[in-house]
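The values are calculated or read from the model by the stated rules, or taken from the named source; none is laboratory data. Note that the structure is a prediction, hence the values are computed from the model and not measured. No Cβ is skipped: glycine too gets one built from the backbone with ideal geometry, and neighbour counts run over all protein chains shown. Side chains are part of the model used for accessible areas, which takes the heavy atoms of the whole protein and leaves out ligands, DNA and RNA. Shrake-Rupley method; radii C 1.70, N 1.55, O 1.52, S 1.80 Å.
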Amino acid sequence: MTQAEIKLCSLLLQEHFGEIVEKIGVHLVRTGSQPLRVIAHDTKASLDQVKKALCVLIHHNLVIYHVHKRGVVEYEAQCSRVLRMLRYPRYIYTTKTLYGDTGELIVEELLLNGKMTMSAVVKKVADRLTETMEDGKTMDYAEVSNAFVRLADTHFVQRCPLVPDADSSDPGPPPPAPTLVINEKDMYLVPKLSLIGKGKRRRSSDEDATGEPKAKKPRYTDNKEPPPDDGIYWQVNLDRFHQHFRDQAIVSAVANRMDQTSSEIVRTMLRMSEVTTPSSAPYTQPLSSNEIFRSLPVGYNISKQVLDQYLTLLADDPLEFIGKSGDSGGGMFVINLHKALASLATATLESVIQERFGSRCARIFRLVLQKKHLEQKQVEDFAMIPAKEAKDMLYKMLSENFILLQEIPKTPDHAPSRTFYLYTVNVLSAARMLLHRCYKSIANLIERRQFETKENKRLLEKSQRVEAIMASMQATGAEEVQLQEIEEMITAPERQQLETLKRNVNKLDASEIQVDETIFLLESYIESTMKRQ
């Protein structure tokens, strides 16, 4: 766990959950698994605060617990899961593009609340959608339920593990912590609910004078039955989203290298194997040419002969995204996911070198990558770059750890005159180094955004107050002159300052998302490589 990752975890936890949860979470990230009393002692927080913070972290899958062999329950932070919070906007946006506004709000609610029952999600989303509709229109629960079922069928949401039913025949004392289990067959099984009703609008009387909503009423009281799916909680399946992002990156890479038809064939192959192939598999399931032809989109009018030519072309490509695994059914083809990720990671490294050091350095990097090992004289000759410039560029990349120097001595004494010095590229170590820099960049972007917001806090609060007054007056049917007077409470320089702030914050947000895309590619490549070793 590097300092950059710990700092980023700290910023994300503070932004999402506040100071107390951040203190407990970062302590666990730094120290590893610890029991409750030790956490309370080390963080100088009260036992009650630690318990509540751990509840929040466990509920959002950011902390796991296990029983130590001495019978003590220990808590351990999931650092990789904390860093996934960076990707929340991308998960939500992806669901919006695939399943519309209803799917977007379902995933948003599950990410904000960690775990929820299906009935609670459906009611909350229906209410939120009804709020945005015109007067007189409402969102039906059945429509939201259908969107939820579609998300479960495509594995974007999954059930949470449950506490198994207590065995009455076992008279022994209960374990210190429950063991959560789930049957794989039930993971995406949606309970049969007959949710009848429509979304409700929030009445203005539900809020007091300060604009804060009143305390929530309990969902059901003793005289009402609990919902039929009580105890069956759902969460977002992040691995399935990552699989989708990886597939999109592969399709985009094929489109850039070849053409749109090739990318559509690869997209069809990935879509056919997305539920059958595990997210960590190095290859997809073998698919026959005939199966691929039948599964092509309806509007794609290409003949079987043209499809076979495209598949042969993709299989013969030096990048080896697609491989041929047999000849039955017109030819069996697989997508080599590991090679695809390796190519994407290498392209990312090349792009970074080109942006930082220029096109000549990128040429040298590609050359060393292709030839595996080269001496300095060979680099100069092959790259056709003058000796002085080539030496300068090689040392620049060497100092930044993009390329490595390997010594091969002719004699045991390692005398420089009798030693070969070969330049080489270790893509895995370069990817790790770049990933570390990406974490640092994201932390800097978040800190800058927080600083910008803090500097203009008074102006933002004033703007929000004015907007709230305007909204309430519009609702009561105020005249245009009155609304204009309220608008003029914010002066022209202040309005300009707000515009600048908005523009800067939007730039920083966009930069965060772009850096996270690079992080995703590098992490996927490193994970795939480690599983193969």
**Request:** Specify which labelled value, from (1) 86, 63, 63; (2) 68, 49, 44; (3) 89, 51, 44, agrees with Cα extents along the principal axes in Å derived from the coordinates of the model shown.
**Result:** (1)
**Asked** Hey, quick one: spin label on R90, modelled 7 Å out along Cα-Cβ, who in segment 241-285 has an amide N within reach, i.e. under 19 Å?
**Response** 241-256, 279-281
**Request:** Using only the Cα atoms of segment 340-425, build the gyration tensor, take square roots of its eigenvalues as a ≥ b ≥ c, and label the shape rounded, prolate or oblate: rounded if a/c is under 1.5, else prolate if a/b is larger than b/c, else oblate.
**Result:** prolate
**Request:** Using packing as a proxy for protection, rank 178-189, 22-33, 304-315, 66-77 so that the peptide with the highest average count of other Cβ atoms within 10 Å comes first.
**Result:** 22-33, 304-315, 66-77, 178-189
**Message:** Below 18 Å, Cα to Cα, which aspartates and glutamates can K123 reach? Residues fewer than 8 away in the same chain don't count.
**Reply:** D101, E104, E108, E109, E131, D140, E143, D206, E225, D229, D230
**Item:** Length released on extending from K44 to D153, taking residue separation times 0.36 nm less the Cα-Cα span
**Value:** 34.6 nm
**Request:** First compute the accessible area of the chain with a 1.4 Å probe, then give the percent of it belonging to carbon and sulfur atoms.
**Result:** 51
**Fill in**
Once phi for every residue in segment 145-154 is put through the Karplus expression 6.51 cos²θ - 1.76 cosθ + 1.60 (θ = phi - 60°), the whole-Hz ³J(HN,Hα) values, with Gly and Pro written as x, are 4, 4, 5, 4, 4, 4, 5, 5, 5, 8
**Request:** Find how much the distance from K324 to I486 grows on full extension, using 0.36 nm per residue of separation minus their present alpha carbon separation; answer in nm with one decimal.
**Result:** 51.4 nm
**Complete:** For the chain, dividing by residue count, accessible area per residue (probe 1.4 Å) in Å² works out to 57
**Over 21 Å (Cα to Cα) - which of K185/K324; K115/K440; K454/K502; K23/K457; K339/K377 fall in this group** = K185/K324; K115/K440; K23/K457; K339/K377
**Fill in**
To the nearest 0.05, the calculated FRET efficiency linking E375 and R448 through their beta-carbon distance, R0 being 45 Å, is 0.55
**Fill in**
Taking 0.36 nm per residue of separation between E184 and A468 and subtracting their Cα-Cα distance, the length gained on full extension comes to 97.4 nm
**Request:** Choose one of Q474, S325, Q158: the residue whose Cα lies farthest towards the positive end of the charge dipole of the chain (beta-carbon charges +1 Lys, Arg; -1 Asp, Glu; about the Cα centre).
**Result:** S325
